[in-house]
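What follows is a set of notes on a single structure, which appears directly below.
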Amino acid sequence: MAQTWNAREYGENATFVHELAGGVVEWLDAKPGEFILDLGCGDGQLTERLAAGAKVVGVDASAEMVAAARSRGVAAEQGSAESLPHPDGAFDVVFSNAALHWVRDQDAMMTQVHRVLKPGGRFVAEMGGHGNIAAIRVALRAVLARYGWGDREEGVNYYATPQAYARRLQRHGFQVVRMALIPRPTPLPASGMQGWLRTFRRGVIDGLPEEARDSVIEETTALLAPVLRDEEGNWTADYVRLRFIATR
């Protein structure tokens, strides 16, 4: 299932994505004067922060997200990670936060990142890693299977181990400088698990018959409540992040 995005829902239900990006921004360690591509810039909230200390442009596959980023004054354009609309050797750094696990063709993406980086340039990113949202995926698959749609969650995301991702980067000419798999239980906003599912599984949910969508969300939420919701009703998603620095 291809993911689709709604900028308003994303702004309401996914503010934690850029708010919890401090670790990967620290690894980025942007220098004044560097030219940075924010790959998968989304609505531009994090791109806006990065641009305070460097020249940054964003690219995202979603036209709606690009429009939201531009409304913030971010220089952003629509484009696929597998076919970047930038010239060879254009950037000192390609940066990405919470986007690469959505990329369908990882090898094509890495070829493009290598192409647009200057020699010696850095590829710094954080993405979902092996074990990310394991409970959410199991619960959603179980509910979908009950309705006869068990394959709808297949291939939505790519969550690699550090070893597998490092080998893939190396095959594409990168030298891995630093990599870590980081468990990061993530508190969700007031919309809780239903808001998460409507935002981050919008492509799956919208592909179901309209009359079944609310039932799938409610049943998945009920399955997850004993493990991801505390006694005060607060939800925490079982996030695991893969963070790395690689050089061209």
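The values are calculated or read from the model by the stated rules, or taken from the named source; none is laboratory data. Keep in mind that this is a model prediction, so the values were computed, not measured. All Cβ positions, even for glycine, are placed from backbone atoms using ideal geometry, and neighbour counts span all protein chains on display.
Data overview
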{"item": "Test: residue in segment 120-132 that is over 25 Å from Gly195 (Cβ atoms) and either without any contact (Cβ under 8 Å) to a residue 60 or more places away in the chain or in contact with an Asp or Glu (Cβ under 6 Å, 6 or more places away or on another chain) (or both)", "result": "yes"}
{"item": "Of all residues making up segment 20-78, the number that are touching a Lys or Arg at 6+ places or on another chain (Cβ under 6 Å) and assigned to a loop (DSSP other than H, G, I, E, B)", "result": "1"}
{"item": "Residue in segment 43-61 that is within 19 Å of Val176 (Cα to Cα) and touching a residue at least 12 places away in the same chain (Cβ under 8 Å) present", "result": "no"}
{"item": "Residue within segment 149-162 that is touching an Asp or Glu at 6+ places or on another chain (Cβ under 9 Å) and of a type outside the set (Lys, Arg) present", "result": "no"}
{"item": "Filter pass, Glu26 being acidic (Asp, Glu), at pLDDT below 95 and crowded, with 17+ Cβ neighbours inside 10 Å", "result": "no"}
{"item": "Tally of residues being outside any loop (DSSP other than H, G, I, E, B), touching a residue at least 60 places away in the same chain (Cβ under 8 Å) and surrounded by fewer than 18 Cβ atoms within 10 Å (Cβ to Cβ) across segment 187-196", "result": "1"}
{"item": "Set Arg201, Arg241: member being touching a strand residue (DSSP E or B) at 6+ places or on another chain (Cβ under 6 Å) and of a type outside the set (Val, Ile, Thr)", "result": "Arg241"}
{"item": "Answer residue from segment 81-128, given it is part of a helix (DSSP H, G or I) and hydrophobic (A, V, I, L, M, F, W, C) and is surrounded by the fewest Cβ atoms within 10 Å (Cβ to Cβ) among those", "result": "Ala108"}
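Every residue, every condition in (1) closer than 27 Å to Asp43 by Cβ; (2) at pLDDT 95 or above; (3) of a type in the set (D, E, K, R); (4) more than 19 Å from the chain's Cα centre (by Cα), yes or no:
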position: Gln106; (1), (2), (3), (4): yes, yes, no, no
position: Met109; (1), (2), (3), (4): yes, yes, no, no
position: Lys118; (1), (2), (3), (4): no, yes, yes, yes
position: Ala125; (1), (2), (3), (4): yes, yes, no, no
position: Tyr147; (1), (2), (3), (4): no, no, no, yes
position: Gly155; (1), (2), (3), (4): yes, no, no, no
position: Leu169; (1), (2), (3), (4): no, yes, no, no
position: Gly203; (1), (2), (3), (4): yes, no, no, no
